[in-house]
Amino acid sequence: MRSKLAISALGVALLLSACDDTDTNVEDDLNINRGDGGNLVARYDPSLGEVPSPINLAFLGSADGTLNISVEDESNAADPKVAMNSLDGFSTVAPLKTTIGAAADAATFNQDTVKLFEVTLNAYGLVEAISSELTYGVDYIASVSSVDSSGKTIVILPLKPLKPSSSYLVALTTGIQSTDGRNLVPDSIYNITKSPQPLHIDGVSQVKVLTDEQAVALEALRPLTNAQETALAGQSINSNNVAVSWVFSTQSVGDVLTAVKTLASSSSAINPTSIGTAAQLVGGSAGIADVYAGTLTLPYYLTNAGASPADPLGKYWTGPEDSNLTRYTPTPAKASDESVPLLVSIPNNITKPADGWPVVMFQHGITSDRSAMLAIAETLANAGFATVAIDLPLHGLPPDHPLYSGIERTFDLDLADNTTPTSCAEGVAFPCPDGTADPSG
């Protein structure tokens, strides 16, 4: 099982609730506000899972730069957290959220109370510098969650996608109020991590209300908070006015496809064969779009149907040694080189331009195939375009199709009985194979 968010990675449960509420040494040592006396507290207690989300604490314990959220079963692909643990960051568009101790007054949310900055982090995940401040009402807004009837959940919604592979610092200030007029204050644990002094020395707690074990655990968070508030101070935000702050990093977008595109760009020639015009191939008279059939050799990153027929449906690209594909390891492990059939149409009624034909890459719909290109090839040729079409993955032509190549992108997948699809042989679970590759899609 992956390590629990923040706690298992730190190696200890934070049992501050066991401390005596009347111990005045708390505020004497660190100006700690335990949330007693009717204060409006910005919840921050990793031991209880009370942390803002998303937050980079979810990376703690990761060995490959992906999220490391606690899950019950790493093999359970139906668990969204399992899928999240293959990502190298959080969504660029999903809302952020955090909770406070009472119903929030949304009228107090503004540029001064809900702050969002793009930041750079050092190798240890600490805020190194602020790159820019995002604008409230233009880049993001804040509201009270519509699904929390208590009104205690604050949601921050990006109004436009955040940058991929980037880090952001969020800060809520004490200017936020509850509906009854109380100002937001830090949680006791967050206040402890504000300390400029180490919480332990050689494993010995330097804070009266913390055991040695608790001090060691919280010391792991202290540099994070200190770096965040130092950066905020550079933006004229006093530490005393910060109720809570946190950092999250967004996932990479496009890195893997860019790497695959580079690999595919060196593919071999198609070795085309002329098979007539598009008009002739659909039963018409001679046309103006000459059609050529050929094959293209491309790297393949999945497993063909074989001993495990469901592999093409349930497997996914992985990196070397079954690693996750991320910005750090963007190149998938190649399973094989495959010959991919394709169709190309070329106008025959005009001279090829000096700089070559402009090309339309035709993409057919799900359950269709590359031959759907023939219906529009003549029109495109009349406009001076060449057209290229290949099949989507797990699509292709059936053996009785006149353009069948013998090598189709169905990859011989046979999961369904295409003759009597409503029944299977006795003792065989539906869907059942029939010995013939399933049709496109």
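A compact table of results
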| quantity | calculated |
| --- | --- |
| Top-ranked residue in the stretch 90-123 [being assigned to a strand (DSSP E or B) and polar (S, T, N, Q); ranked as farthest from ALA42 (Cα to Cα)] | THR120 |
| Subset of the stretch 384-405 [surrounded by fewer than 18 Cβ atoms within 10 Å (Cβ to Cβ) and of a type in the set (D, E, K, R)] | ASP400 |
| The stretch 349-388, residues that are under 27 Å from GLY314 (Cβ atoms) and in contact (Cβ under 8 Å) with a residue 24 or more places away in the chain | GLN363, HIS364, ILE366, THR367, SER368, ASP369, ARG370 |
| Residue in the stretch 116-123 that is surrounded by fewer than 17 Cβ atoms within 10 Å (Cβ to Cβ), in the same structural domain as ILE189 (by TED's automatic domain parsing) and modelled with pLDDT under 95 present | yes |
| Pairs, first in a loop (DSSP other than H, G, I, E, B) and exposed (fewer than 15 other Cβ atoms within 10 Å of the Cβ) in the stretch 196-218, second at pLDDT below 90 and of a type outside the set (Gly, Ala, Ser), C-beta under 8 Å, six or more apart | LYS208/ASP23; LYS208/ASN25; LYS208/VAL26; LYS208/ASP29 |
| Pick from the stretch 243-298, criterion among the hydroxyl-bearing types (Ser, Thr, Tyr) and closer than 30 Å to ARG43 by Cα, ranking: surrounded by the most Cβ atoms within 10 Å (Cβ to Cβ) | SER245 |
| Exclusive hit being of a type outside the set (Phe, Trp, Tyr), in the same structural domain as TYR44 (by TED's automatic domain parsing) and free of Cβ contacts under 8 Å to residues at least 24 places away in the same chain, set ASP79, ASP112, ASP187 | ASP79 |
| Some residue of the stretch 306-316 being over 30 Å from ALA386 (Cα atoms), of a type in the set (A, V, I, L, M, F, W, C), at pLDDT 85 or above and out of contact with any helix residue (DSSP H, G or I) (no Cβ under 6 Å at 6 or more places or on another chain) | no |
| Residue list for the stretch 224-265, restricted to those being under 17 Å from GLU118 (Cβ atoms) and outside any helix (DSSP H, G or I) | GLY234, GLN235, ILE237, SER245, TRP246, VAL247, PHE248, SER249, THR250, GLN251, SER252, VAL253 |
| Members of the stretch 93-111 that are farther than 25 Å from SER252 by Cβ and of a type in the set (A, V, I, L, M) | ILE100, ALA102, ALA103, ALA104, ALA106, ALA107 |
| Matching strands (runs of 3 or more DSSP E) fully within the stretch 124-181 where at least 2 residues are without any contact (Cβ under 8 Å) to a residue 40 or more places away in the chain, buried (at least 19 other Cβ atoms within 10 Å of the Cβ) and within 24 Å of the chain's Cα centre (by Cα) | 140-144 |
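The values are calculated or read from the model by the stated rules, or taken from the named source; none is laboratory data. Given the structure is predicted, the values throughout are model-derived calculations rather than measurements. Note that we place each Cβ from the backbone using ideal geometry, even for glycine, and neighbour counts take in every protein chain shown.
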